[in-house]
Amino acid sequence: MISGKAANMKTVVIPAKAEWDDPRWSLADYKLEQVSDLLGLIKSS
């Protein structure tokens, strides 16, 4: 994610449930709960 942000790219993270509240994930453009949510994100873009 950090490399993507440094390259001015949109970033998506799918953190483990135990790490969901980790503040580092707030840097991502999108934070999803599961991989299957990615399709909906792509379709809405």
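Couple of notes before you dig in:
- Test: residue in region 13-24 that is hydrophobic (A, V, I, L, M, F, W, C), at pLDDT 95 or above and touching a Gly at 6+ places or on another chain (Cβ under 9 Å): no
- The condition (being modelled with pLDDT under 95 and of a type outside the set (A, V, I, L, M, F, W, C)) is satisfied by just one residue among SER3, SER45: SER45.
- Subset of region 1-37 (residues that are touching a Pro at 6+ places or on another chain (Cβ under 8 Å) and either surrounded by fewer than 15 Cβ atoms within 10 Å (Cβ to Cβ) or not aromatic (Phe, Trp, Tyr) (or both)): ASP22, LYS31
- If you go through region 3-31 and keep only what is hydroxyl-bearing (Ser, Thr, Tyr) and assigned to a loop (DSSP other than H, G, I, E, B), you end up with just THR11.
- Across region 1-25, the number of residues qualifying as aliphatic (A, V, I, L, M) and more than 20 Å from ASP37 (Cα to Cα) comes to 3.
The values are calculated or read from the model by the stated rules, or taken from the named source; none is laboratory data. For clarity, every value in this text was computed on a predicted model and none was experimentally measured. Methodologically, a virtual Cβ is constructed for each residue, glycine included, from the backbone with ideal geometry; neighbour enumeration extends over all protein chains shown.
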